[in-house]
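The values are calculated or read from the model by the stated rules, or taken from the named source; none is laboratory data. The model shown is predicted, which means the values in this text are computed figures rather than measured ones. Positions of Cβ are backbone-derived with ideal geometry, glycine not excepted, and every protein chain shown enters the neighbour counts.
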Amino acid sequence: MPEQRHEGSGVTHAKSSRDAQDAFRAVVPDDARVNVRPMFGSVAAFANDQMFMCLFADELYFRLGEDDRAGLKAAGGQALEPMPGRPMREYVGLTEWRSRTVPARDWAERALAYAIRLGPKKT
């Protein structure tokens, strides 16, 4: 999938495939507090205006508390790094997520719970 670099931002966007976006929506928790909207040339899920999971290219990332981040990293998860050398510190990816829908749903619920604990995003 070709990456797109936005002039002056340093941020790389790689569009997600339609199949990955559909699979993402199937993993997003069915909760009235959640909405899905465009982000990073793909889609992301938000609660309290806090992004808690997203696709970057076709990779799935979750925003997690410290213990859960450590657990997912120990299982092979990688940090989300839309700008090379500048990871988004609370986001970790789940490898082979489309073939592991039960773990993906579990991580999605954990990420949602974390976003809810953070409270509404300050503007």
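Screening G76 on (1) farther than 18 Å from A23 by Cα; (2) surrounded by fewer than 17 Cβ atoms within 10 Å (Cβ to Cβ); (3) touching a strand residue (DSSP E or B) at 6+ places or on another chain (Cβ under 8 Å) shows it passes everything except condition (3). For segment 89-112, the criterion of being in contact with a helix residue (DSSP H, G or I) (Cβ under 7 Å, 6 or more places away or on another chain), free of Cβ contacts under 8 Å to residues at least 60 places away in the same chain and β-branched (V, I, T) is met by at least one residue. Residues in segment 1-59 that are small (G, A, S) and at positive phi were compared, and the one that is modelled with the highest pLDDT is A57. For segment 63-122, name all the residues that are among the charged types (D, E, K, R) and under 13 Å from the mean Cα position of the chain (by Cα). Residues satisfying the conditions are R63, R69, E81, R89, E90, R105, E109, R110. Determine, yes or no, whether D67 is free of Cβ contacts under 8 Å to residues at least 24 places away in the same chain and either among the charged types (D, E, K, R) or surrounded by fewer than 14 Cβ atoms within 10 Å (Cβ to Cβ) (or both). Judged against the criteria, D67 is a match.
Of the residues making up segment 10-57, those that are more than 13 Å from the chain's Cα centre (by Cα), surrounded by fewer than 15 Cβ atoms within 10 Å (Cβ to Cβ) and closer than 20 Å to P103 by Cα number 5.
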